[in-house]
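Below is one structure, written out as structure tokens; comments come after it.
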């Protein structure tokens, strides 16, 4: 079990580092190339990432040895959002077909993945904490992952509405 936890922890760190490197090119690409509502939705992660980059730069100037830590934890959120948005845009702009199933299924799958990720995080990083802290962290991880599942379902429904209205010619 210890080896599995080490591998999973290493995988999480690898994803964090790669997403920190991938965020800026994805944000620049989507911010420059996309138009209209898609551009606005693509610029949403900047609300989180601009303060994170500012704080990371400040921590670097203060010669903190943990300066990239906040960036490593926040970058997967921004990068994951942009990747999901790019895939969703691709699905919305393809030729119309019966899209309600794929939109809602995609949103549901995104929510399940977020839920599983939070529970894995809880399982790996929380067992050494006190019982009170473990209880609160489990509660927070479940609430956040359920919120992510709901956001996934809402985004799936919104994309379905866009595709249906596009097919109907409105």
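The values are calculated or read from the model by the stated rules, or taken from the named source; none is laboratory data. Computed from a predicted model, the values in this text were never measured in an experiment. Reconstructed Cβ throughout: ideal geometry from the backbone, glycine too, with neighbour counts over all protein chains shown.
Looking at this structure, is residue 29 in a helix (DSSP H, G or I), over 13 Å from the mean Cα position of the chain (by Cα), free of Cβ contacts under 8 Å to residues at least 40 places away in the same chain and not assigned by TED's automatic domain parsing to the domain that holds residue 155?
Judged against the criteria, residue 29 is a match.
Out of curiosity, is residue 48 assigned by TED's automatic domain parsing to the domain that holds residue 17 and either surrounded by 16 or more Cβ atoms within 10 Å (Cβ to Cβ) or at pLDDT 85 or above (or both)?
Yes, satisfied.
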